[in-house]
Every structure is written in C-alpha cells, then in structure tokens.
1. Can you give me the distance in nm between label points at ARG120 and ASP41, each placed 7 Å from the Cα along the Cα-to-Cβ direction?
2. Separation between the GLU130 and ALA23 pseudo-spin-labels, each 7 Å from Cα along Cα→Cβ, expressed in nm?
3. Could you give the nm distance between label points at ALA146 and SER62, where each point is 7 Å from its Cα heading toward the beta carbon?
4. Straight-line reach only, C-alpha to C-alpha below 23 angstrom: list the lysines that LYS58 could link to, leaving out same-chain residues fewer than 8 apart.
5. If R0 is 41 Å, what FRET efficiency do you get for THR6 and ALA31 from their C-beta distance, rounded to 0.05?
6. Could you work out Rg/(2.2 N^0.38 Å) for region 18-80, with Rg from alpha carbons only?
7. Once you compute Rg and the Kirkwood Rh from C-alpha atoms, what is the Rg to Rh ratio for the chain?
8. Could you provide, to the nearest whole Å², the per residue accessible area of the chain with probe 1.4 Å?
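The values are calculated or read from the model by the stated rules, or taken from the named source; none is laboratory data. On a predicted model such as this, the values are computed, not experimentally measured, just so you know. We place every Cβ from the backbone using ideal geometry, glycine too, and count neighbours over all the protein chains shown. Each accessible area value is taken on the protein alone, full model and side chains, heavy atoms only, with ligands, DNA and RNA left out. Shrake-Rupley method; radii C 1.70, N 1.55, O 1.52, S 1.80 Å.
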Amino acid sequence: MKSGFTAKSIALLFFAVLALYVAVFYGIERARQHKGPWEVDFQTNAEGSPALIVSQAKLGLSDVRIVVHGENASNVTGRVSFDQVKRPVPFGKVIYEDLTFLPGVVTFDLFGHEIELLPRALIADKKLVEWKSGATVDLWPTNKPAEPPHPPKARGR
C-alpha cells in the first residue's frame, strides 16, 4: 500500500510554508517600522533650562519644544532616536517605552515632570496637549505632580 506523502510533496510543502513564514515575518516587520521612531533633541536654552525638541516625520511633527524651567541640565546635549529600547538619554530618565510598533510610546521623568510621547497626543504632567509643530510646552516647578513619576507596575506582582 502506497502512502500519499512522497519526498517531493514533503519538500514542496516545506518550501511553501517557509515562503509564507518569510513573507509574513517581513510584512510584520515593515508594519512595525514604517512610521519611524521619535527623534528627540536634548538641549539647554540660554538660561540653562533643559529642553526637549521632538520630531516625528510620518506624523508631520517637527520642532515641538518642551522646556523645563527652574532646573539646570549643565549644558548636556544630544539627539536620541527611539528605534530601540533602553537608549541612554543625556538628562532625565526613560521610565516606560513601548516601541513594538513605531513611533510607539515613550515616557520620561524630567526633573520630576512626567512627559509622555504618544502618536495621538503629548501628555505633560498628566495633562493632554495636542500635537502642533512649532509649539512650546513650558513646565514650571509649580506644575510638578504631587507624586513623582514612576515606572508602571509589572503584571502579576
């Protein structure tokens, strides 16, 4: 009695499944990365106050300034492209990032101020701010939340 599976049919099935896997894998990777990352310039202004300049080309955002008044960043500058997790930043710290589908979500603790970059809006000290190219968001010591920013709790703990 002859089986329905020959070496030729098994090899053909293997290559068909492999081709489908590769096509789906690269399709998902393209979907994850086609919008590109957040581009953030860490700078200080003339008074020495730290400032972030946020850009994201696919969302049509450029030169969105976030200035933290009443703090000093001692002239530390740099540009960070958030295309991978755990990128070092010149000042402040990243407390959350979800970069599964770019641009993703990045949350900063900047001298006690919580800044969250979302594709739909900017959240500064828990207040929703609509994205607008060229806009400036000023953060003052009196605006700091009563509870300092902290990373989200892990599930199951």
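1. 3.0 nm
2. Distance between label points: 4.3 nm.
3. Result for the modelled spin labels: 4.3 nm.
4. Hits, sequence-local ones excluded: LYS35, LYS86, LYS132.
5. Approximately 0.65, to the nearest 0.05.
6. 1.70
7. Reported Rg/Rh, Kirkwood definition of Rh: 1.24.
8. Ligands and nucleic acids excluded, the result is 64 Å² per residue.
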